[in-house]
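Novice: I'd like to ask you about the structure that follows.
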Amino acid sequence: SNGLAFSADGARGFYVDSHERVVQALTLDESGRLASRGVHVDLSAESGAPDGLALAPDGSVYVAMFGGGNVLRVDPAGAVVERITVPVAQVTACTLDPTGTTLFITTSDYGVAAEDRSSHGSVFRTPVVPSTPRTRPEDGR
């Protein structure tokens, strides 16, 4: 497993299973125990393997694709709705700034020839459209 993130209320979480190339969705009960788990999105058809992730306020998940050279935005229903291209292949993790308007993306130089490492192992940033909190259909919050 790799990336892990929880909603602000702690009721829902997501984690990356890089080996299976999926993002799992978790639901926690009021005591914080695992209530359910299932595949949120299968990324096996995408280039690269899912690595780190970040959760947006609207419930979208940004997923760094190691070896794929991009970050995918997955909507709350589990559909890939955006691809953010990074100028290097080994994308490792991402996080949003507190306002949700900037995505920071980390990369690695792992497996990259020394002469090709100029931008690998860097941190990139890109503006993103801020999202608004979504309501949870099961309880209206």
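Novice: Work from the charge dipole of the stretch 1-82 (Cβ charges, +1 for Lys and Arg, -1 for Asp and Glu, about the Cα centre) and give the residue of G68, A45, L4 farthest towards its positive end.
Specialist: L4
Novice: For the stretch 1-121, which whole percent of the accessible surface, found with a 1.4 angstrom probe, sits on carbon and sulfur atoms? Present the calculation step by step, with values, prior to reporting the outcome.
Specialist: Values: 2860 of 5920 Å².
Ligands and nucleic acids excluded, carbon and sulfur give 48 percent.
Novice: Further question: With no solvent and one point per C-alpha, what does the Debye sum give as log10 I(q)/I(0) for the stretch 4-47 at q = 0.20, 0.22, 0.24, 0.25 Å⁻¹?
Specialist: Treating every Cα as an identical point scatterer, log10 I(q)/I(0) equals -0.61, -0.70, -0.78, -0.82.
Novice: While we're here: Over the chain, how many percent of alpha carbon pairs lie in each 10 Å bin up to the one with the longest distance?
Specialist: Going from the shortest bin to the longest, the percentages are 12, 43, 32, 11, 2, 0.
Novice: Over the chain, average the accessible area per residue using a 1.4 Å probe and give it in Å², no decimals.
Specialist: Values: 7610 Å² over 141 residues.
Heavy-atom SASA per residue in the chain reads 54 Å².
Novice: Taking Cα pairs under 8 Å and at least six residues apart, what relative contact order does the chain come out at, in percent? Mind dumping the intermediate values first?
Specialist: On the way: 341 pairs, mean separation 21.5, N = 141.
15 percent.
The values are calculated or read from the model by the stated rules, or taken from the named source; none is laboratory data. This is a predicted model, so every value here is computed, not measured. Here the Cβ is made from the backbone with ideal geometry for all residues, glycine too, and neighbour counts use every protein chain on show. For accessibility, only protein heavy atoms count, side chains too; no ligands or nucleic acids. Shrake-Rupley method; radii C 1.70, N 1.55, O 1.52, S 1.80 Å.
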